[in-house]
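Structure first, then comments.
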Amino acid sequence: MRAATATRRTAARPAGSGRRRRRSVRTTLVALAMLSPALIALVLMRVVPMISAVSESFRHVSLATGASEFDGLSNYTYLLTDSGFHSVLVVTLVFNLVLNPAIVLLSTALALLTAQRLPLVGLWRSMIFVPAAVPGAVVALIWSTALQPDGLVNALLEVVGLPPQPFLTSASQAAFSIGIMVTWGALGYWMIFVIAGLKDIPDSLYEAAALDGAGWWRRLFSITLPLLKRPMAFVLIACTVGSFLLFAPVQILTKGGPNGSTNLIMFDIYNRTYLLGDVGVGQAEVVILMLLLAVIVAVQFRLLREEKA
Amino acid sequence: MRRSRGGTVVLTAAAILAALAVFLPVWWVFVSSTRPGNSYVENMTPLSWLAFVPVGGDLTNYSGLLSGPFLTGLFNSFLVAGLTIALGLAIAVPAAYALATIDFPGRGVVFTFIVVVAMIPFDAIAIPLSSLFQDWHLSDSYAGLVLPALANGFAIFVLRQFFLGIPAELLEAAEVDGLGRIATLWRIVLPLSKPALIGAGMMLFLSQWQAYLWPLLIGTSPERQLAPIALANLSTLFTVDLGQIFAGSFVLTIIPMVLLLFFQKQYTESLSTTGLKG
Amino acid sequence: MGTSTTRILPFAAAIGAGLLLLAGCGGSSTDGSGGGGGDEEITLTFANADPAETWATVIEGFEAQHPNITVKQLNIPYAQYTSTINQRMGSGGDGIDLMVVDAGGAVLDWNNRGYLADITDLREDAVAAAVSESMVTAREVDGKLLALAPWTTSQFLYYNVDVLAAAGVEPPPGDPATPWTYEQLTEAARTVQSAGAAEYPLLFDQWDTYYQLQMMGVSAGGGDGIDADGVVDFSGDGWQRALTWYHGLFEDGLSPRGITNDKNGALFQEGKGAFIISGPWGVSVANAGGINYGVAPAPYFEGGEPATSTDSWAVGISAKSENLDAAKEFLRYLTIDPAGNAQAAEVAGITPTNKEAFAAYVEGVEASAGAATAGFGAILQYQLENNAVHRPAVVGYSVFEPGAGQLFSDIRNGSDPAERAAQADEEIGAQIERLR
């Protein structure tokens, strides 16, 4: 949308082609000047260390001698044929497939709710936001206590007459439990971005719709949600990236278990790189993760763009 | 928009319920922080109502906490997070504005680059980066703490998304008035962009507020220690005193909440309520 | 792995009285002629995985005696310690003069990589000064001494006197030569359970860690679980006996699932547990809660050998150090010098390895809790001298240890011990083979 307007703006200018070219050169220079601090920071703080990480992914380090030698693609072929890595991929993909849409939907719902004019709504909104700021180690402390077999959650289940659940100690529930924990920490954070988008929808649209006699649901589906597409797209993408890089709760609570059921890819990378000392394979896994993320984000961009058209 | 009184009651009840459900674990942290030492476990197995009601508690954990290195850590965390917000926005805003409003060759490539780089997992590159910082003589300095957080691709992303929504007519009008690009950005666009600035600022703030691995890697001396490290050091001082850890966590948690409450007003203003749009 | 270390670390509790005294006297009586070269200014860089406070006291003491030497710390987070050292030493040493070396395979790995200087010339003095000879020789590879340990650990069976009385259980004997068997312990825990005297009859300080469980496998006759060639074997009769016992504790509800390691001390401290198997730091943990408790030697399997886990960080000198003499002087101060060794252990509140420092430490601990800890020193010394099991210095240990942790964790959560052990043998073995 914006690109079109911008083109329109440039094209509309009646100017000689020479002047225009000079102007476009100057515009490009201005753009570069505005972008350069950010680009320099990104290159120095992210790309340069990433390159050294990638070059490690083509090397094999001997555990016995510490000797490091160029080993071509063997780290990659090892990973792609390793059944352990296959299950890491499956666990990671399924986890994200469930988690991210859930977070986007719930945080949008909370945003819609707390963007209403209600008594003390600022306080409720701030309370929902709070978990985003809880230090990681404390998140784990809270939830390992709440989810332990005789903990808070089971006590609540008992009150409503349900049997106690094993949660983090069971292969079938551990990933789900970690998902709940992540959702709790993420909801308020992403809610803020959706609210920012909501605030951007002109009241006049709603007033016009109200004059037409459109009910709440009509307005939600014909005005609010379509105009929320951009912030929701951002939330979905940023949230996907964040969830793929999820690591601390796994390390603190389950170490990938029971039986590999929570062995998400970032934990596997950490495990191989720092604990097993298999640096080459760990870095190859980072590269695969990056490629995977790039593909997923590109698909998300594409889907959201097509829907808009 | 008008709403029936019944609707307001239902929605308020829903908001309160959601807020309480999400806030309950944090409240538990607070109540536990009023129990000296590890005595909070008294109320945990079996679970007692005292785990959620601070009856009989006291604030000794807080006085113990605030007389130790945690206070220095809190000061440093504020300093580092403040610098990160100011410098981070100073870097991200012009970049995002250029991406959103200037049509230059290679714009798509630059944008894609920024998004891709934002996906690089920082934990995975922290070690090579820390040796680079050693070579650049940046270890154990405030600059070393702040710099990596300035490269925040998502802050650029979120600002760009917002700038894209600013009506072109507004910018054209400014140009007609003879305002330069920078002046337009500073005088017209930024005052409209408070929600986005707060959103991006919050990303920058939280990335530093919870910083843990990086400050450890570049070796901060005690006078430059950040609050989460001071908190973690409490727990390596054996887990004997979980009460103080709860207290420190509650302090670290409640500060962003207070900040958000404080910014509510600016935050809830927007293009539509300022009357410039629609 | 240093799980023990990180957990133990600086709980600078009430223990120190005796230590402080010794450190003070020792410091003043030793003159500063220890050496470290002439008058030139030397800076030593000491890489470790602890908060700076842990080593600050001993560094101050050393610098006071050696005005021309400054010791600079490089505090690296524990989780990144090994990989950071590998990276820095691999690329030229980066000015590191001394570094802490974890128990187990690290000393071998780093010897093979040429990181560690041969300090065999300190061996004689070190053995003479140490509480037991094996805490020195555990850091030898091919007859070369590569590191010296300022700290050591052991394991004890702590019990809550009031809980046992309420359940009608006779407390375990304090004589280190006749510990309870694990079978006796299980029976006692069962009695506590059926009497409802405590929520958690039996706790471990560190669930699922190799440090905590190694002694059980060894006691049951299963050995270390890995041999010198890197062959992993948790499927033999010995380890299967230990693992089946471990599995049963959780199946029967004698020990809890889902409790993380940061809470065990707190639970025992607050009277929620009847027994806890924990290290020497368990004394100050228990003291802080004001419960009525006692200390007994760690159990063993009936018909098996008594065995107790031990060790913590040691300190080695970089083979690339340009200040070898000064570094040796510092290492000597950390371990062989009684006052220095006492200072080295003081902040961490951990057991020092030097005989004199050890005696003062024991005195302090025993004075801290009256009757409850009266037998503490005798048990600690006996176990260190007679049945301490050191973690094996074998190639692949760094892979083996986390793999073993996952095995134990899965068994705790209900996996079948035989099946899961067979899987671990194969997977860990393959991983070691790959990295050879």
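Under Stokes-Einstein, with the Kirkwood radius over Cα pairs as Rh, the value for the stretch B:97-198 at 10 °C and 1.306 mPa s is 99 µm²/s.
Could you tell me which of rounded, prolate or oblate describes chain A, using a ≥ b ≥ c as the square roots of the eigenvalues of the alpha-carbon gyration tensor, with rounded for a/c under 1.5 and, failing that, prolate when a/b is larger than b/c and oblate otherwise? Oblate shape, in that a/c is at least 1.5 and b/c is the bigger or equal ratio. Could you work out the local net charge near residue C:388, counting Lys and Arg as +1, Asp and Glu as -1, over the other residues with Cβ closer than 14 Å to its Cβ? Surrounding charge for residue C:388 is -3. DSSP assigns beta bridges within the protein assembly as shown; of those with both partners inside it, close to 60 percent run antiparallel. Between residue C:418 and residue C:302, full extension at 0.36 nm per residue minus the direct alpha carbon distance yields a gain of 39.7 nm.
Ranked for footprinting exposure by Cβ neighbours inside 10 Å, fewest first, A:60, C:390, B:137 give B:137, C:390, A:60. Going from the residue with the fewest nearby Cβ atoms within 10 Å to the one with the most, B:75, B:163, C:234 rank B:75, B:163, C:234.
The mean sequence separation of alpha-carbon pairs under 8 Å and at least six residues apart, normalised by the residue count of chain C, gives a relative contact order of 29 percent.
With contacts defined as alpha carbon pairs under 8 Å and 6 or more residues apart, what's the relative contact order of the stretch B:71-235 in percent? Averaging sequence separation for qualifying contacts and normalising by length gives 46 percent for the stretch B:71-235. The slack between residue A:304 and residue A:162, meaning 0.36 nm per residue of separation minus the straight C-alpha distance, is 47.0 nm. Electrostatic tally near residue B:43: other residues with Cβ closer than 11 Å to its Cβ, Lys and Arg +1, Asp and Glu -1, net -1. Given a 10 angstrom Cα cut-off, can you work out which residue in C:47, C:371, C:360 is the most mobile in a GNM of chain C? Evaluated over chain C, the most mobile residue of the options is C:371. With a simple spin-label model that places each label point 7 Å from the Cα along the Cα-to-Cβ direction, the separation between residue B:176 and residue A:205 comes to 2.5 nm.
This ranking places A:86, C:66 by how few other beta-carbon atoms lie within 10 Å of each, fewest first, which gives A:86, C:66.
For the pair residue B:42 and residue C:184, a Förster radius of 30 Å applied to the C-beta separation gives a FRET efficiency near 0.50, rounded to the nearest 0.05. Inter-chain neighbour count for C:285-293: the average number of beta-carbon atoms from partner chains within 10 Å of each residue's beta-carbon is 2. The GNM of chain A, with springs linking C-alpha atoms under 10 angstrom apart, assigns the highest mean-square fluctuation among A:45, A:290, A:266 to A:45.
Contact order, relative form, for chain A: 24 percent (alpha carbon pairs under 8 Å, 6 or more residues apart, mean separation divided by residue count). Residue by residue along C:405-414, Cβ atoms of other protein chains within 10 Å of the local Cβ number 5 on average.
From the alpha carbon centroid of the stretch B:85-138 to that of the stretch A:62-89 is 30 Å.
Relative to one another, the C-alpha centroids of the stretch C:170-220 and the stretch C:80-137 are positioned 34 Å apart. Each Lys or Arg adds one and each Asp or Glu subtracts one; over the other residues with Cβ under 12 Å from the Cβ of residue C:60, this totals -3. Per-residue mean of foreign Cβ neighbours for C:348-355 is 1 (Cβ atoms of other chains, 10 Å radius). Label point of residue A:295 set 7 angstrom out along Cα-Cβ; within the stretch A:87-127, amide nitrogens under 18 Å from it belong to A:87-98. Among A:34, A:181, A:191, the largest mean-square fluctuation in a Gaussian network model of chain A, built with springs joining Cα atoms closer than 10 Å, belongs to A:34. Between the helical axis of B:70-101 and the longest alpha-carbon principal axis of chain B there is an angle of about 20 degrees.
No value in this document is a laboratory result; all are computed from the given coordinates. If you're wondering where the values come from, they're calculated on a predicted model, not measured in any experiment. In this analysis, Cβ positions are derived from the backbone assuming ideal geometry, glycine residues included, and neighbour counts consider all displayed protein chains.
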